[in-house]
């Protein structure tokens, strides 16, 4: 069934014309051309597609459009701008925290929620907060350092 599902993406209204059982990730990438959230496992297990839904981290690859009706979605692209990047984006660049970069959008987005809720997380808090994220490159130490730097 095809419906018009309205929600907000990065502080802008959006009406999806995709069928309501399609995923939020499909709408973000196909309709809006956003490249931050990535399709990884397709099952919500790797975290590459993580976005904020009403401020809470959620995987978008398994989130049907009907479930985001009227909600506020924030992707990596909505965290900062070219002229004024989010402090996490800056810290990740400064720490060379990414290798291939495929997982980083989801990690940075979840880290933004972590820092919002816990402005001074311990190393253990960061590790626990990123538990659902998989970085196959093994850049975990640089990722943790970047989040610590952004929190400082």
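Every number in this text was worked out from the coordinates using simple rules, so none of it is lab data. Only a predicted model underlies this, so the values are computations on that prediction, with no experimental measurement involved. Backbone-built Cβ (ideal geometry, glycine too); neighbour counts: all protein chains shown.
A few remarks follow.
- Per-region count, segment 30-41, residues in a helix (DSSP H, G or I) and surrounded by 20 or more Cβ atoms within 10 Å (Cβ to Cβ): 0
- Which numbered condition residue 125 misses (of (1) closer than 16 Å to residue 144 by Cβ; (2) in a helix (DSSP H, G or I); (3) within 16 Å of the chain's Cα centre (by Cα)): (3)
- Within segment 90-105, the set of residues being surrounded by 21 or more Cβ atoms within 10 Å (Cβ to Cβ) and either under 15 Å from the mean Cα position of the chain (by Cα) or without any contact (Cβ under 8 Å) to a residue 12 or more places away in the chain (or both) comprises 92, 103, 104, 105.
- Residue in segment 47-58 that is buried (at least 20 other Cβ atoms within 10 Å of the Cβ), more than 16 Å from residue 16 (Cβ to Cβ) and without any contact (Cβ under 8 Å) to a residue 40 or more places away in the chain present: yes
- Members of segment 1-28 that are surrounded by fewer than 20 Cβ atoms within 10 Å (Cβ to Cβ) and part of a helix (DSSP H, G or I): 26
- Pairs are defined by a Cβ separation below 6 Å, a sequence spacing of at least 6 or placement on different chains, a first member in segment 107-134 that is in contact (Cβ under 8 Å) with a residue 12 or more places away in the chain, and a second member that is part of a loop (DSSP other than H, G, I, E, B) and crowded, with 21+ Cβ neighbours inside 10 Å; the pairs so defined are 107/133; 132/47; 133/47; 134/46.
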